[in-house]
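Contents: one structure, followed by commentary.
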Amino acid sequence: MTAFASLGSGSKGNGTLVRMGSEHILVDCGFSTKQAEKRLRRLGVAPGSLSAILVTHEHSDHSAGVAALAYKYALPVFASYGTLKALEPKLVGTVIDSHKGFSVGEVEVIPVIVPHDTREPTQFVFEHRGVRVGVLSDLGQITPHVIERYTGCHGLLMEANHDRQMLMRGRYPEYVKRRIASNFGHLSNEQAVAFLSAVANPLLQVVVGHVSEENNHHDLLEACFAPLRSKVRELRYANQSDGVTWVEIAADAGNAVSVSPEYAIPAR
C-alpha cells in the first residue's frame, strides 16, 4: 500500500514520510533526534526501518536533524551536490544528479529543481508500480518544469506558505518579507492554488503544508482552496505540531489520471 504522511510542517521543522512497497523514505528532518523518533513512532514506523533520508536543501527547518538521525540508525542520505556542500562537514551523504532519476530500493525517485534561495534545492516525485507521490515545498514561483514533473501525481504534499497581505502587514523585518515574497522564497496561497489548479486530477489526494503560523491562517487557506475540493479526491492540511497522519493512496490509483493542460503562471 502506498501512503504518505507529515511528521510536522512549518518554519520550525519539516519531515515527510513516503511509504511505497516495502520502502519507507523520509524527506527532510528538521527535528531533533528525540522529536523525530517520537513523530515517526506516532506513525507506526521504527526509525531504524527507514530506507533512506532525502534532503531537499540546507535550511535548518529541513536539515537540522538529518545528520544525527542518520548516524544513530546508519541510514543512507541522498542530496544534491550543492546541498551536501552547504552542509559539510556535519553531513555526509550520496550525491544525486538533480537532472536524473535514481532508485531507493524498489522506488524510483525523480528530483525536481526548484527556485529557492539555497545552493541546489531539489524537491522529489516518487513512483512505484504506476503510482506517483510528490513532495513540493520551499519554492518562490511555479515554473513550467515544476508543472510538468508534478502532473499525474496520485498523492501530493505541497506548500502554501503565506497570505501575501498578512505577510506584508506583519511584524517581520522588511528584508525578510522581501525574501519570502520573492521568486526564490515561498509560495503564497494564491500561487499554491494556481499550481494545484494546474495539476489537479480526480484521483489526487493532497496535503497542504509548510503553512506559516505567523503569516497565514486556516480560514484563509480554506477560502482559497475550497473551490478545488471538487477537482481532487481529498484535501487536508498539515500543521507544525502534528503534521498529518497517513494518507492512504486509493486502491484505484494505478489508473491513468487526466489533467487540464491549461496553466498560466500568476503575476506577482
Picking from VAL193, VAL244, VAL211, VAL207, the residue that is surrounded by 19 or more Cβ atoms within 10 Å (Cβ to Cβ), among the β-branched types (Val, Ile, Thr) and part of a loop (DSSP other than H, G, I, E, B) would be VAL211
Can SER260 be described as farther than 23 Å from VAL18 by Cα, over 15 Å from the mean Cα position of the chain (by Cα), loosely packed, with under 14 Cβ neighbours inside 10 Å and modelled with pLDDT under 95? yes
### Message
Could you go through the stretch 168-185 and let me know if any residue there is closer than 28 Å to THR2 by Cα and surrounded by 19 or more Cβ atoms within 10 Å (Cβ to Cβ).
### Response
no
Among residues of the stretch 64-84 being aliphatic (A, V, I, L, M) and part of a helix (DSSP H, G or I), the residue farthest from SER103 (Cα to Cα) is ALA68
**Prompt:** Is the stretch 98-109 home to any residue that is touching a Gly at 6+ places or on another chain (Cβ under 9 Å), surrounded by 14 or more Cβ atoms within 10 Å (Cβ to Cβ) and of a type in the set (A, V, I, L, M)?
**Reply:** yes
Here the residues within the stretch 125-153 that are touching a Pro at 6+ places or on another chain (Cβ under 8 Å) and closer than 20 Å to GLY8 by Cβ are ASP138, LEU139
Taking the stretch 121-165 and keeping only residues that are assigned to a helix (DSSP H, G or I), within 13 Å of the chain's Cα centre (by Cα) and either buried (at least 24 other Cβ atoms within 10 Å of the Cβ) or in contact (Cβ under 8 Å) with a residue 60 or more places away in the chain (or both), one is left with TYR150
Checked GLY65, GLY13 against criteria (buried (at least 17 other Cβ atoms within 10 Å of the Cβ), closer than 18 Å to LEU157 by Cα and touching a residue at least 12 places away in the same chain (Cβ under 8 Å)); the one match is GLY13
Test: LYS85 is modelled with pLDDT of 95 or more and touching a Lys or Arg at 6+ places or on another chain (Cβ under 7 Å)
yes
Reported set for the stretch 214-225 where residues are in contact with a His (Cβ under 9 Å, 6 or more places away or on another chain) and either assigned to a helix (DSSP H, G or I) or of a type outside the set (D, E, K, R) (or both) is ASN215, ASN216
Within the stretch 85-120, residues assigned to a strand (DSSP E or B) and within 11 Å of ILE53 (Cα to Cα) come out as THR94, VAL104
message: Taking the criterion of being on the phi > 0 side of the Ramachandran plot and at pLDDT 95 or above, would at least one residue in the stretch 26-36 satisfy it?
response: yes
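The values are calculated or read from the model by the stated rules, or taken from the named source; none is laboratory data. This structure is a prediction, so every number in the text was calculated from the model and none was measured. We place every Cβ from the backbone using ideal geometry, glycine too, and count neighbours over all the protein chains shown.
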